[in-house]
Amino acid sequence: MKLKWLAAPLCISILMLGACSEKAEPVSSEKGADSTKESQKSLTLEQVYKKTTEVAGSIKSLSIDMNMNQVTDDGTGKSVSVKSVMKTDVIQEPISFYQKARITPQGEQPEETESYFTKDGFFTYDPTSKQWMKLPDSVTAVLKNLPKTQGNPADQLRKLQQFVDDFTFQTDNSQYILTLDASGDKFNDFIKEEAKKNLGPESQNLPIDDALDIKNMQYKYYIDKKTFYPKRLIIAMEMNVKTAGEEIHSKQTSDSTFSNFNKVKAITIPQKIIQTAEDMPE
């Protein structure tokens, strides 16, 4: 099973936006949306950012629904596309999640899988062998060492604050819409530094600086006007990745919606899975 297809959407779903002080440009209202107070309509991006990051501390758990399309080209003119649909429940502290995924590689039948990550380890179901697998402790250690805010889309706003001048800011009756078109060395350096922080000591063994080249990236982030919770995030990304002496070109779009705030129940791995899972080699 190609586990990398699972890792990419999970990483993307936790990258968010920053803030600036321009006022929102009105856009067409959603049909049937409730009217909003005039004071809220006139909020600046800086004020929306502040309110969104303030409520971040109140988000202890959430659910993420993601649709992702990925096309990769190995440089020989042969491209492969993969479509993924994922539903993930996340608890912030200690970090844990349960995920169901349906992955459809080009020209192949869809594969459905499940994954659990808790203090007991990282377990994933391999639909090919019809066997639960336990991932190596090195993978589990990386996830356990992630910052406690890593699964919180509202808290991630702080990390992109340096791109303040690159935002556009719009609003309709029910939500604020923040868009960031990111490219160039500054953004590339940011992504690489974040990857190193998230991987911790493991990053010393990976040539991240040389292997990853972000060509362009766009975030479109929707914030609920009443709660200031994130509602939706659309990301379009184009990048080159060098691996095993080859360069792979990748285009990827993801559309995530966030819900069920602070309503996710404790995530536990069934004992049958723990007892019967096979260890995945390093």
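Multiplying the residue separation of ASP185 and SER63 by 0.36 nm and subtracting their alpha-carbon distance yields 40.6 nm.
In Å², what does the accessible area per residue of region 240-282 work out to with a 1.4 Å probe? That works out to 70 Å² for each residue. Residue ranges 181-187, 85-91 sort as 85-91, 181-187 when ordered by packing (mean number of other C-beta atoms within 10 Å per residue, highest first).
Highest mean packing comes first when the peptides 259-271, 130-142 are listed by Cβ atoms within 10 Å, giving 130-142, 259-271.
When only the Cβ of Lys, Arg, Asp and Glu is charged (+1, +1, -1, -1), the dipole of region 79-125 relative to its Cα centre reaches about 120 debye.
Would you work out if region 206-272 is rounded, prolate or oblate? Take a ≥ b ≥ c from the square roots of the eigenvalues of the alpha-carbon gyration tensor; rounded if a/c is under 1.5, else prolate when a/b is larger than b/c, oblate otherwise. Verdict is oblate for region 206-272.
The values are calculated or read from the model by the stated rules, or taken from the named source; none is laboratory data. Note that the structure is a prediction, hence the values are computed from the model and not measured. Note: ideal-geometry Cβ built from the backbone for every residue, glycine included; neighbour counts use all protein chains shown. Side chains included, ligands, DNA and RNA excluded: accessible areas come from the protein's heavy atoms. Shrake-Rupley method; radii C 1.70, N 1.55, O 1.52, S 1.80 Å.
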